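Comments concern the structure below.
The values are calculated or read from the model by the stated rules, or taken from the named source; none is laboratory data. Owing to the predicted nature of the structure, the values given are computational and were not obtained by experimental measurement. Because the Cβ atoms are built from the backbone with ideal geometry, glycine has one as well, and the counts that use them run over all protein chains shown. All accessible areas refer to the heavy atoms of the entire protein, side chains included, with ligands and DNA or RNA removed. Shrake-Rupley method; radii C 1.70, N 1.55, O 1.52, S 1.80 Å.
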Amino acid sequence: MRDLYSYFRSSAAYRVRIALGLKGLDHRIVPVHLLRQGGEQHQAAYLQRNPEGLVPALDDQGHVLTQSLAIIEYLDEVYPGAALLPAEPLARARVRALAQLIACDIHPLNNLRVLRWLAHEMKVDKAVRDAWYRHWIVTGFAAFEAQLRAPGTGLYCQGDTPGLADCCLVPQVYNAQRYEIDLSPYPTLQRIARQCDTLSAFQAARPEAQPDAE
Ligand SMILES: N[C@@H](CCC(=O)N[C@@H](CS)C(=O)NCC(=O)O)C(=O)O
């Protein structure tokens, strides 16, 4: 039994949904509503699984894992099938750097709890919060696009098979599109995201395909 604690719009959970699909691993989605009743991620039952009060968490045969990148690397190490990280150390480091550019340097600045802190504690109005959100995406995407100009890039972020960096890129592009960010300055990033969207693992992981989609 494998349960993924997920919210349809969570980009960190979206990364893991893609990885599960690419590995061909059966799983059940357990929705955690991030907004309802002050956020189900803060309820005691969920905090036992992830004391950070963030999704995703993966229960893999009774072992509870947190942090999307750690979960994806675990799945890659434990289960056969499509490799999500290349074997060669320099290529592996490049994939991790691309993944972390998004997961560590863009996403946390735009997370729900940060936006809420800006709104409620700092009294920042919506227009300024939206400008903040867009700023960190365009700053990160400019660097990501520059990194993609390296020889390692192929059909996907690294070579011609999808992997960890693509698992991170596609959900971040989804967020950028929700905020109507112009992606034309990032042609390689856009091309790779479109390529990913042709694959069933990416299609099945999309927010609108989730059981808790609204
Ligand atoms: N570094 C964590 C980030 C997890 C995270 O920030 N999840 C967001 C959704 S994408 C969340 O649960 N937010 C709830 C909140 O901010 O209250 C990971 O990669 O798993």
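When +1 charges are put on Lys and Arg Cβ atoms and -1 charges on Asp and Glu Cβ atoms, the dipole computed for the chain relative to its Cα centre reaches about 320 debye.
Ranked from largest to smallest solvent-accessible area, with a 1.4 Å probe on the protein heavy atoms, His33, His135 come out as His135, His33. Would you please classify the overall shape of the chain from the alpha carbon gyration tensor, given that a ≥ b ≥ c denote the square roots of the eigenvalues, rounded means a/c under 1.5, and beyond that prolate means a/b larger than b/c while oblate covers the rest? Note, shape of the chain comes out oblate.
Across the accessible surface of region 32-81, with the other protein chains kept in place and a 1.4 Å probe, carbon and sulfur atoms take up 53 percent.
Of the peptides 178-185, 14-21, 138-145, how do they stack up when ordered by the mean number of other Cβ atoms within 10 Å, highest first?
Peptide ranking by packing, descending: 14-21, 138-145, 178-185.
A Förster radius of 30 Å combined with the Cβ-Cβ distance from Leu47 to Thr139 puts the calculated FRET efficiency at roughly 0.40. DSSP beta bridges in the chain, what fraction antiparallel, as a percent rounded to 5? If I count the DSSP bridges inside the chain, around 60 percent turn out antiparallel. Across region 89-201, C-alpha contacts under 8 Å between residues 6 or more apart give a mean separation that, scaled by the residue count, equals a relative contact order of 32 percent.
Using the average count of surrounding beta-carbon atoms within 10 Å as a protection proxy, the listed peptides 67-73, 7-13, 125-131 rank, highest first, as 7-13, 67-73, 125-131.
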